[in-house]
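Following: one structure in structure tokens, then a few remarks.
Nothing in this text is a laboratory measurement; each read-out follows from the coordinates by a stated rule. What you see is a predicted model, and the numbers here were worked out from it, not measured in a lab. Note that we place each Cβ from the backbone using ideal geometry, even for glycine, and neighbour counts take in every protein chain shown.
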Amino acid sequence: MPSNVSAPPVADGRAGARGIASSAYLLLVLTIVGTVNWADRQVVPILLPGIQKDLGLNDTEAGVIAGLAFSLIYAISSFFFGYAADRFVRKYVIAGALVVWSLATMASGLATDFWSLFAARFFTGIGEASLYPCALSLIAERFEAASRGRALGIFGAAAAMGSGFGVGLGGKLATSLGWQKVFFIYGAAGFAVLPLLFLMREAPRPTATSKAEPTGTAIKEAFKDKRLRWLWACGTVAIASGHGFGAWVPSYFVRDLGLDVTKAGALFGLSALLGGIVGGIVGGTLADRHRKLRVGGEFDVSAVAAFVGGALVLGTLEAGPGGGSALGGLVATLAIYSIFPGLLAAMLSFAPPHRHGVTGAINTLFLGGIGAATGPFVIGAASDGLHSLHAALYIPIAGLCVAGILAMRAGNVAREMEPAPPLTAPYRTTSPELTGSPPKRDVA
């Protein structure tokens, strides 16, 4: 894990300036909250068989619930939270939104038809949109560029842990308690992590730079950067493919491979848990190393991971019942999760610190919104149209290959733009308000 930054108590008493100042604690808390965030989000796929049976949903409607109902408002709301992350105390922003998404998750268990479940997932998406803009801003502030990829990989492992525990435990609980009570339990878990957030310490927010710049200006400047445009294109296609595969592969195990919900949940949960944790950390570590070898080296890691992920998804579908499909799913998940830490690290290198919240919101729009919504919906609609979920699951293979090509192009653009004059003010990797020392500069 990246080195800690410990700090003496802050005497000024400003909001957010008291608490545990260790960077390791900050990363731990964000990862735990991220795990809850992803568990609430990713428990839906393993519950879909029961939800569809009880509420009478077809695959297209189920794809909307698994993707669009959550992801569209998630993406739109991220701009509000990106604005808030650049101006207000981020741990309080996350805490307030955590209450909203936990209550909405519990409300999902009260759904009686498509529209009531849609509404519950809609409000879950609003609350959960807070985490990534705030967390990326905090991580960028507290970890130097040289170790940021690994820090983001550790934080990214929350997606794996949330998916793994969410689906694995969710399948078991759904069998014994019913899908409605699973939503109640998962929503209640959010309240248990609130005290950890309040103990986390962060630097007071900047008072001049971010408040003087309109959000529209920050968005416009971000889109001027060709590197970011190619990065977001790559990430959107990659997450649409990965999220689409992840949303429907449990149903594939149940329908086509004949597994019951408990076994499918355990199998997919284990794949997401182990593959995602290892993939996130390995992907982030390799991104840090390749960044030192050449400009845009992070994109090399993302490209290879995307191509390997596509091949392994193919292997999972061709393996049929048995250990081959389980192994393929495990390693495919590892490769898919390896794509994203390098993309996030590069994004934070390209954006100035006072725009990290807004830039993270744009990232959420493309990846968490467009990508995550499109993948499950397209596969669900294709399954209905082709009358074969197995055939529809070949779509992510093509998508991952396209993502690999886009990552290669993003790396080429980054190299074409180097050496370039600094686009931003020097990064503040360690807050002087926390340490009492002068700010450090990132080496981009």
For the chain, treating each Cα as an identical point scatterer without solvent, what Debye log10 I(q)/I(0) comes out at q = 0.07, 0.11 1/Å? -0.31, -0.78
Computed lengthening from residue 188 to residue 293, 0.36 nm per intervening residue step minus Cα-Cα distance: 33.2 nm
Arrange 261, 100 by Cβ neighbour counts within 10 Å, fewest through most, would you? 100, 261
Around residue 190, with a cut-off of 11 angstrom between Cβ atoms, what is the net charge of the other residues, counting Lys and Arg +1 and Asp and Glu -1? -2
At 7 Å along Cα-to-Cβ for each site, give me the label-to-label distance between residue 416 and residue 217 in nm. 2.9
For the chain, built as a Gaussian network whose Cα springs stay under 10 Å, the top-fluctuating residue of 259, 386, 273: 386
Could you check which residue among 56, 109, 296 shows the biggest mean-square fluctuation in a GNM of the chain with a 10 Å Cα cutoff? 56
Which helices count as membrane-span-like in the chain under these terms: full DSSP H, at least 20 Å along the axis by C-alpha, Kyte-Doolittle mean of 0.5 or more? 23-55, 69-85, 90-108, 114-128, 145-177, 179-192, 261-293, 297-319, 323-338, 372-386, 395-416
222 nm [θ] for the chain, helices only, -39500 (n - 2.57) per DSSP H run of 4+, per residue, to 500? -25000 deg cm²/dmol
For 356, 290, 390, what's the fewest-to-most ordering of other Cβ within 10 Å of each Cβ? 390, 290, 356
Where nothing but the Cβ of Lys and Arg (+1) and of Asp and Glu (-1) is charged, how large is the charge dipole of the chain around its Cα centre, in debye to the nearest 20? 1080
Normalising by the residue count of the chain, find the relative contact order in percent from Cα pairs under 8 Å and 6+ residues apart. 27
Taking 30 Å as R0, compute the FRET efficiency from the Cβ-Cβ separation of residue 386 and residue 113 and round it to 0.05. 0.65
Final fewest-first order of 154, 336 on the 10 Å Cβ neighbour count is 154, 336
Can you bin the stretch 23-149 into rounded, prolate or oblate? Criterion: square roots of the alpha carbon gyration tensor eigenvalues sorted a ≥ b ≥ c, rounded for a/c under 1.5, prolate for a/b above b/c, oblate for the rest. prolate
Test of understanding: in a Gaussian network model of the chain with alpha carbons linked when under 10 Å, which of 151, 311, 332 would top the mean-square fluctuation ranking? 311
Using alpha carbons only, what's the Rg to Rh ratio of the stretch 223-350 with Rh from Kirkwood? 1.04
Calculate the all-directions average of the projected area of the stretch 143-274's alpha-carbon convex hull, and give it in nm². 11.9
Out of 222, 239, 277, whose Cα points farthest toward the positive end of the dipole of the stretch 222-282 (charges: +1 Lys, Arg; -1 Asp, Glu; placed on Cβ)? 222
Using r as the Cβ-Cβ distance of residue 260 and residue 76, and R0 as 30 Å, what FRET efficiency do you calculate, to the nearest 0.05? 0.20
